[in-house]
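The values are calculated or read from the model by the stated rules, or taken from the named source; none is laboratory data. As the structure is a prediction and not an experimental result, all values here were calculated from the model. Note: ideal-geometry Cβ built from the backbone for every residue, glycine included; neighbour counts use all protein chains shown.
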């Protein structure tokens with residue numbers, strides 16, 4: 001996960017996230033201020049298309065049974081966001097420099113709806129990176 005080439009790390013990541021946004025099968029992204037992420041919900045019939053869209057940008061998957069083997073920053077993320085329950089995942093991009101994007105894949109308890117939250121991680125995430133994230137997903141605060 002924490003490997004990658006130089007260049008403007010954030011521009012590379014935002015380019016990948018634009019691809020996710022373009023191929024996303026559901027409408028509507030919003031800002032989740034609690035976790036500083038963009039979020040979208042979708043119904044079970046769109047799950048396969050959503051997984052395909054996510055896999056390109058966030059190919060590494062961590063679950064409740066594998067998270068203990070993940071790098072420390074991802075274990076910390078899981079802890080900060082309430083832990084990973086059965087069916088939940090943290091999906092992670094390849095790192096570019098010290099920057100990476102992640103997704104919180106959270107099925108609801110109703111068996112119908114799932115939320116995806118997309119956020120940014122790294123050793124230092126500048127505040128303007130969150131605005132760029134919102135711009136990529138056409139989200140207002």
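Below, the figures for the structure above:
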read-out: Identity of the residue in region 76-85, surrounded by 12 or more Cβ atoms within 10 Å (Cβ to Cβ) and in contact with a strand residue (DSSP E or B) (Cβ under 9 Å, 6 or more places away or on another chain), that ends up nearest to residue 96 (Cα to Cα); value: 77
read-out: Tally, over region 20-29, of residues that are buried (at least 16 other Cβ atoms within 10 Å of the Cβ) and touching a strand residue (DSSP E or B) at 6+ places or on another chain (Cβ under 6 Å); value: 1
read-out: Criterion violated by residue 17 - all others in (1) surrounded by 18 or more Cβ atoms within 10 Å (Cβ to Cβ); (2) free of Cβ contacts under 8 Å to residues at least 60 places away in the same chain; (3) not in a loop (DSSP other than H, G, I, E, B) satisfied; value: (2)
read-out: Cross-chain or 6+ apart pairs with Cβ under 7 Å, region 101-130 first and in contact (Cβ under 8 Å) with a residue 12 or more places away in the chain and at positive phi, then surrounded by 20 or more Cβ atoms within 10 Å (Cβ to Cβ) and assigned to a strand (DSSP E or B); value: 122/99; 122/100
read-out: Residue count for region 23-54, restricted to those that are closer than 18 Å to residue 81 by Cα and either touching a residue at least 12 places away in the same chain (Cβ under 8 Å) or assigned to a strand (DSSP E or B) (or both); value: 11
read-out: Flag for residue 40 being closer than 12 Å to residue 105 by Cα, under 12 Å from the mean Cα position of the chain (by Cα) and modelled with pLDDT of 95 or more; value: yes
read-out: Residue that is surrounded by fewer than 18 Cβ atoms within 10 Å (Cβ to Cβ), more than 21 Å from residue 132 (Cβ to Cβ) and within 16 Å of the chain's Cα centre (by Cα), where the choices are 47, 68, 88; value: 47
read-out: Subset tally (residues that are in contact with a helix residue (DSSP H, G or I) (Cβ under 7 Å, 6 or more places away or on another chain) and more than 17 Å from residue 104 (Cβ to Cβ)) for region 43-60; value: 1
